[in-house]
Amino acid sequence: MKTFGGPALFLDRADINTDEIIPAKYLNEITKQDLQPYMLEDLKLAGFDPQGEKTREARVVVSRANFGCGSSREHAPWVFEVNDITAVIAESFARIFRQNMFNCGMAAIELPKEKIDLLFSYAGYPDTSIFVDIAAQKINVNGGGKGEVLPFELSPFDKALVLAGGWVDYADQKY
Amino acid sequence: MGKTIAEKIFASHLVDEPFAGTKVVRLDVVMCHEITTPIAIDDLIARGKDRVFDTGKIKAVIDHVTPSKDSKTATQAKILRDWARRHGIKDFFDVGANGVCHALFPEKGFIRPGYTVIMGDSHTCTHGAFGAFAAGVGTTDLEVGILKGVCAFREPKTIRININGTLSKGVYAKDVILFVIGQLGVNGATDRVIEFRGPVVEAMSMESRMTLCNMAIEAGGTSGICMPDAVTVDYLWPFINSDYPTKEAALKAFKEWSSDPDAVYDRVVDIDVTKLTPVVTYGYKPDLVKPVTEMAGTPVDQVYLGSCTNGRLEDLRVAAAILKGRKIAPTVRAILSPATPQIYREAMHEGLIDIFMEAGFCVTNPTCGACLGMSNGVLADGEVCASTTNRNFMGRMGKGGMVHLMSPATSAATAIEGMIADPRKYL
Ligand code: SF4
């Protein structure tokens, strides 16, 4: 069964947009792999370094409301994918970004504000890791010698897409 | 219980409901440009599925960077061009015939009331001005659209916005939509269709309605939508006059695509725009909106007039009326990018291009160009642009650049003064 996760990257701001995730000037790249060095390049956030070790090691992103707003570019999920980040957990997502994640077989998980606050309380520990179990619809967070299990909601369609590895094959077989 | 126009369109196009809450709908138009489509094409080839569901329903244009500025963008254009030729897609618009997608495709008459439209572009919501459900999607949804002619959505709820009152002099559709976004917030309409209603919308041209719907996404909306009426019929008449015996017959058919009086809305917002003044944005989010009077005097380095929001003939006319016989400030550079070749030519015939050039504008070919900071007017670090586009995100028009969104009239006044200026004194 599909489980995503590992070290977590905390981006403590609402409305992080797709221009910040991958600037438009790199949209002339032809392959997903070519996007790899540019992840979150234009994001200005206290304590965040796009080239830093924490960013490089991250496998999960945790953020606030309306994550992924702005352009429809699927380059935003792709730049995460080629940097081995396969799940984003946030209070809410912009529609297109959210669907793009599931369409690529990755996870965009919404949690209520108090649960997101709880995850952020782990941001200070150097060893925080988060695992997302899609089939069981549970998040495991561990760090600073403690841990928690948080259940989450997921639409059955989005779950089917992640488990099928994406929308293209699913649709081609069915329609 | 009555239905909204979006519910009617979904019901009439429903192909499957694989799970509760997910609707797979049949698509009438799938639009493609050279930034988000090439990777879909390459992926289809890699999967051994280089097919298209219907050559007549696919429309393609090279618009974001055109003519190509380097070998990478030339490769993107080539992938799209080769694909369009390979599949015999006749509605493909290459250098010379190309313009900004959301201005070009309506002008070609491709959109009808009741249609479902997708594109790998967030401002696809523009086409809702025709009473269509039009949504931006990512590359994978686009790929499936190209291959199978379907797309999956959570059926959106509808926010109805009644725009009442009358617009004062110097206040335009752009000011209205910026004000609405300021009210809703940047995610106030996520998973919602925004239905624009009321006397102000009914009095608007199709161009102004497109400006409204274009920015629905800036409040997170899936699509903007207007009710089809006589204005819609007049606009589309050259394309439909062999389908209907009279305009009245067309209007009757189009009216089928209207929300019922007893339709159920997620939210109804009443706005009176009578006291609305010209507005501009002041931060890095499109919901940060202030009256121009509070921002007047802010120096700018560049003025940009164009894009799918405000690069249409109506916009050029308004700006030219202000610029006529005047010069732009020596501290500013101003760029006009008419959104399509037809707009460019009509502006030329009307003498507008002369007015812009005499004022000191650089007039570029139709392209997205500087709107997304890819070419034709990218900002340097720390520079400020007064722009008629739709996004003011940090770095949108160039790394470290600042964008103030405004109407074409306000941008023209700003060009004259070299700082943000109230257009009303020039009218
Ligand atoms: S003009 Fe700007 S917003 Fe419109 S399609 Fe082009 S890049 Fe996107």
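The values are calculated or read from the model by the stated rules, or taken from the named source; none is laboratory data. Computed from a predicted structure; not experimentally measured. Every residue, glycine as well, gets a Cβ built from its backbone with ideal geometry; the counts of neighbours run over all protein chains shown. For accessibility, only protein heavy atoms count, side chains too; no ligands or nucleic acids. Shrake-Rupley method; radii C 1.70, N 1.55, O 1.52, S 1.80 Å.
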Carbon plus sulfur fraction of accessible area for the protein assembly as shown, probe 1.4 Å, in percent: 51
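Which value results for Rg/Rh of the protein assembly as shown when Rg is the Cα radius of gyration and Rh the Kirkwood radius based on the inverse mean 1/r? Don't skip to the answer; put the middle values down first.
Values: Rg = 23.2 Å, Rh = 24.3 Å.
Ratio of gyration radius to Kirkwood radius for the protein assembly as shown: 0.96.
I'd like the mean, over residues of A:151-160, of how many other protein chain beta carbons sit within 10 Å of each residue's own Cβ.
Numbers: counts 0, 0, 0, 0, 5, 5, 11, 4, 1, 3.
That works out to 3 on average.
Taking trypsin sites (Lys or Arg not before Pro) as exposed when DSSP calls them loop (any state but H, G, I, E, B) and at most 12 other Cβ atoms lie within 10 Å, what is the longest stretch of chain B free of them, the sites themselves excluded?
On the way: sites that count: B:ARG51, B:LYS90, B:LYS169, B:LYS275, B:LYS327.
No qualifying site falls inside B:170-274, the longest such stretch.
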At least 30 Å² accessible surface lost relative to isolated chain, residues of segment B:174-219 (1.4 Å probe): B:VAL186, B:ASN187, B:THR190, B:ASP191
How much of the DSSP bridge set in segment B:157-272 is antiparallel, in percent, rounded to the nearest 5? 0
Residue order for B:ASP287, B:ASP354 - accessible surface, 1.4 angstrom probe, largest first: B:ASP354, B:ASP287
To the nearest 20 debye, segment B:157-272 has a Cα-centred charge dipole, built from +1 on Lys and Arg Cβ and -1 on Asp and Glu Cβ, of 160
Determine the order of B:VAL318, B:VAL15 by accessible area, beginning with the largest, at a probe radius of 1.4 Å. B:VAL15, B:VAL318
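Under 8 Å for C-alpha pairs, at least 6 residues apart: give me the relative contact order for segment B:281-426, rounded to a whole percent. Kindly include the intermediate steps, with their values, before the conclusion.
On the way: 351 pairs, mean separation 49.0, N = 146.
Relative contact order, segment B:281-426: 34 percent.
Relative contact order for chain A: what percent, with Cα pairs under 8 Å and sequence separation of 6 or more? Before the final figure, lay out the partial values.
Working: 348 pairs, mean separation 42.3, N = 175.
That works out to 24 percent.
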So what does log10 I(q)/I(0) come out to for segment A:1-154 at q = 0.11, 0.19 Å⁻¹, using the Debye formula with one equal point on every Cα and no solvent? -0.37, -1.18
Farthest positive-ward along chain B dipole, Cα basis, beta-carbon charges - from B:VAL180, B:LEU305, B:THR126: B:LEU305
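Percent antiparallel among DSSP beta bridges with both residues in chain A, to the nearest 5? Please report the intermediate quantities before stating the final value.
Details: 16 of 29 bridges.
If I count the DSSP bridges inside chain A, around 55 percent turn out antiparallel.
Keeping every protein chain in place, order A:GLU41, B:GLU248 by accessible area at 1.4 Å, biggest value first, i.e. largest first.
On the way: A:GLU41 40, B:GLU248 130 Å².
In descending accessible area the options line up as B:GLU248, A:GLU41.
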Residue-by-residue Karplus 3J(HN,Hα) for segment A:39-56, coefficients 6.51, -1.76, 1.60, Hz, glycine and proline x: 4, 6, 4, 9, 7, 9, 8, 4, x, 9, 10, x, 9, x, 4, 4, 5, 5
So which lysines can B:LYS399 reach, going by Cα to Cα under 27 Å and dropping same-chain residues fewer than 8 places off? A:LYS25, A:LYS32, A:LYS44, A:LYS54, B:LYS69, B:LYS72, B:LYS174, B:LYS285, B:LYS290
Modelling each spin label as a point 7 Å along the Cα-to-Cβ direction, I'd like the B:ARG85/A:LYS174 distance in nm, to one decimal. 3.7
Take each of the peptides A:147-159, B:93-105, average the number of other beta-carbon atoms within 10 Å over its residues, and list them starting from the highest. B:93-105, A:147-159
Cα-projected label distance for B:PHE239 with B:MET357, points at 7 Å along beta-carbon direction, nm: 3.1
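How much space per residue, in cubic angstrom, does the convex hull of the C-alpha atoms of chain B take up? Mind dumping the intermediate values first?
Values: hull volume 58.3 nm³, N = 427.
Dividing the Cα hull volume of chain B by its residue count gives 136 Å³.
Let me check I've understood the local charge: for B:MET1, count other residues with C-beta under 13 angstrom from its C-beta, Lys and Arg +1, Asp and Glu -1. What total comes out? Walk me through the numbers before you get to the answer.
Numbers: positive: B:LYS3, B:LYS8; negative: B:GLU7, B:ASP260, B:ASP262.
Neighbourhood net charge equals -1.
Give, rounded to the nearest 20 debye, the magnitude of the charge dipole that segment A:5-174 has about its Cα centre when Lys and Arg contribute +1 at Cβ and Asp and Glu contribute -1 at Cβ.
Values: 17 positive and 25 negative charges, 50 e Å.
That gives a dipole near 240 debye.
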Suppose we keep just the DSSP beta bridges with both residues in chain B; what percent of those would be antiparallel, to 5? 20
Charge tally in the Cβ shell below 14 Å around B:MET402, where Lys, Arg are +1 and Asp, Glu are -1, B:MET402 excluded: 0
Counting heavy atoms of the protein chains only and a 1.4 Å probe, report the per residue accessible area for segment B:157-272 as a whole number of Å². 38
Roughly how many whole Å is it from the C-alpha centroid of segment B:171-215 to that of segment A:86-144? 33
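For Cα pairs less than 8 Å apart in space and 6+ apart in sequence, what is the mean separation divided by the residue count of chain B, i.e. the relative contact order in percent? If you can, show how the numbers build up before the last one.
Details: 1054 pairs, mean separation 72.3, N = 427.
In percent, rounded to a whole number, it is 17.
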